Every structure is written in structure tokens, then in C-alpha cells.
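First the structure, in the form of C-alpha cells, and then the observations on it.
Nothing in this text is a laboratory measurement; each read-out follows from the coordinates by a stated rule. Because the structure is a prediction, the values reported are computed rather than measured. Because the Cβ atoms are built from the backbone with ideal geometry, glycine has one as well, and the counts that use them run over all protein chains shown.
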Amino acid sequence: MPLIIKQFQFFKSFKENCYLAYDSEDKSCTVVDPGEESEKLLNEITDNKLKLTHILITHAHLDHVFGYYNLKQAFPEAKIMLHENEIPVWNANTKCSTKMILKLIFGVKIRNDYLNIQKYLIKDKQVISVGKYNLEVLFTPGHTHGSVCFLERSEKIAFTGDTIFTDMLGNTKYPNAKTQGNQEQLNQSVQLLKKEIAGYIIYPGHRNYGDSTHVLQSKTE
Ligand SMILES: [Zn+2]
């Protein structure tokens with residue numbers, strides 16, 4: 001059986017893609033980028049009797065992390081994992097102005113323990129197991145300074161966050177100095193991805209999933 005991947009689309013108009021990936025034999029599972037607190041996602045985990053071991057964060061923009069809370073409530077042992085360069089981005093989500101916008105426009109509230117929740121730092125090339133599958137961290141800064149992709153090499157799949165989508169590259173614009181990225185870094189990361197994930201299926205942070213070939217060839221020449 002291949003690694004099973006289910007897609008959930010979250011966070012209001014941001015339409016952020018959250019993924020549940022699991023080994024159907026071993027029942028280990030991981031969630032990539034939980035954008036929203038979601039009963040649907042929790043039910044999928046419990047209905048399939050899965051064990052949530054890791055919550056993987058490609059980058060800490062709020063639309064990718066906001067659902068951490070109810071996952072941690074339901075599965076306290078699940079480790080939130082992100083690159084250390086994303087800590088300032090994670091923390092920036094608690095800025096007063098951000099909180100105000102979230103409350104007024106989206107009707108969501110940052111929890112009080114948001115800053116203190118335990119996080120585990122991941123490094124380039126680190127391997128995280130999901131049952132018999134291995135997700136390898138590939139450090140791909142640019143969209144943010146600590147953006148990463150997660151690659152399952154035997155399955156030829158990659159969770160690419162907002163670094164690349166199936167039809168376009170990510171951007172580096174964000175209205176806050178701490179959370180915005182760097183175009184030169186992004187270009188280098190895309191060149192790296194061209195070597196590392198040619199022929200892979202990519203599961204990006206927004207839009208559809210699909211073959212990496214089109215974006216890596218046509219958008220990078
Ligand atoms: Zn983003």
C-alpha cells in the first residue's frame with residue numbers, strides 16, 4: 001500500500017491545503033500544515049484509528065498553523081516540528097494588529113498558550129518516520145526564511161508548502177518584515193527543487209496537487 005494522503009482545504013478565503021498522511025498498516029500518521037481547527041480532520045484520524053505522531057510545519061504563516069491547538073488537545077504526544085528560522089514567524093502571529101484582523105475579519109482568536117506550546121526544531125536532511133515511510137526535510141528558504149519541504153523519496157512525493165505550487169512559484173511578499181521572504185533565496189531553493197524532485201507529485205500549500213514537471217520547467221527558465 002502506498003502512503004495514503006488526504007487533503008483538507010482550510011482557513012477561510014486563504015484555501016490553505018492541510019494534508020493527513022498515513023501508513024494504513026502501521027496506522028502512524030502525520031499532519032502537514034494544519035491551517036484550521038477542524039472536526040473533519042480529527043474525525044478522519046480517530047475513525048481510521050490512526051496514531052498522530054508529528055505535526056509538520058512547512059512554514060509558520062498563520063494560515064498554515066492555526067489548527068495546531070485542537071490537534072494537540074486530542075493528541076498531546078504529537079510533536080510540532082518546524083525550522084528554527086520560523087520561530088519569529090510563529091511569534092509574529094501574536095502581534096496585536098494580526099490578532100485584531102483575525103478576530104474582526106475571520107472571527108478567530110489566537111489562544112493564550114500559543115507562544116509557549118512546545119515545538120521541536122528540524123534541520124535540513126532530517127528524516128521523520130511515518131510508519132514504514134520516511135519524510136526527509138529539504139531546507140528551501142525564500143517564501144519565508146525557514147520554509148522547508150518534506151520529501152518521501154520512495155513514493156516520489158513532496159509537500160512543498162508555499163515554496164512552489166503546481167502552476168506557479170511561491171512569492172516573497174508579506175506585509176511584515178519578520179514574516180516576509182527573500183526572492184534570491186527562493187530562486188536558489190527552486191533550483192534545488194529542480195534537481196531534487198523532478199518527476200515527483202507535489203502537494204502544495206494552496207491550489208491543486210499534481211506533477212512537479214510543469215512548474216519546475218516552464219516557470220524557472
Ligand atoms: Zn505562506
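Its Kirkwood hydrodynamic radius, worked out from the mean inverse distance over all distinct Cα pairs, puts segment 112-176 at 13.5 Å. Think of the chain as a dipole: +1 on every Lys or Arg Cβ, -1 on every Asp or Glu Cβ, centred on the Cα centre; then among Ile105, Phe150, Leu121, Ile105 lies furthest on the positive end. What does the charge count around Asn208 come to, taking other residues whose C-beta lies under 11 Å from its C-beta (Lys +1, Arg +1, Asp -1, Glu -1)? Its environment carries a net charge of 0. Among the GluC sites (Glu not before Pro) in segment 9-41, those placed in a DSSP loop whose Cβ has at most 16 other Cβ atoms within 10 Å are Glu25. FRET efficiency for the Lys103 to Gln180 pair, using the beta carbon distance and R₀ = 25 Å, is estimated at 0.65. Over every Cα atom in segment 64-142, the radius of gyration and the widest Cα-Cα span, Dmax, amount to 14.6, 44 Å. In order along segment 90-103, the phi-based Karplus estimate (6.51 cos²θ - 1.76 cosθ + 1.60, θ = phi - 60°) of 3J(HN,Hα) comes to 4, 5, 5, 5, 9, 3, 3, 5, 5, 4, 5, 4, 4, 5 Hz; Gly and Pro are listed as x.
Under a point-charge model restricted to the Cβ atoms of Lys and Arg (+1) and Asp and Glu (-1), what is the dipole moment magnitude of the chain relative to its Cα centre, in debye to the nearest 20? Intermediate results must be reported in sequence, preceding the final value.
Details: 26 positive and 25 negative charges, 102 e Å.
The calculation lands at about 500 debye.
Contact order for the chain, expressed relative to its length and based on alpha carbon pairs under 8 Å spaced 6+ residues apart, stands at 16 percent. Of the GluC sites (Glu not before Pro) found in segment 63-97, the ones in coil according to DSSP and having at most 13 other Cβ atoms within 10 Å of their Cβ are Glu77.
Solvent-free Debye calculation, one equal scatterer per alpha-carbon of segment 14-103: log10 I(q)/I(0) at 0.25 Å⁻¹ equals -1.31. Ordering 200-207, 130-137 by mean Cβ neighbour count within 10 Å, with the highest value first, yields 200-207, 130-137. If you average 1/r over all unlike Cα pairs in the chain and invert the result, what Kirkwood radius do you get in angstrom? By the Kirkwood definition, the hydrodynamic radius is 17.3 Å.
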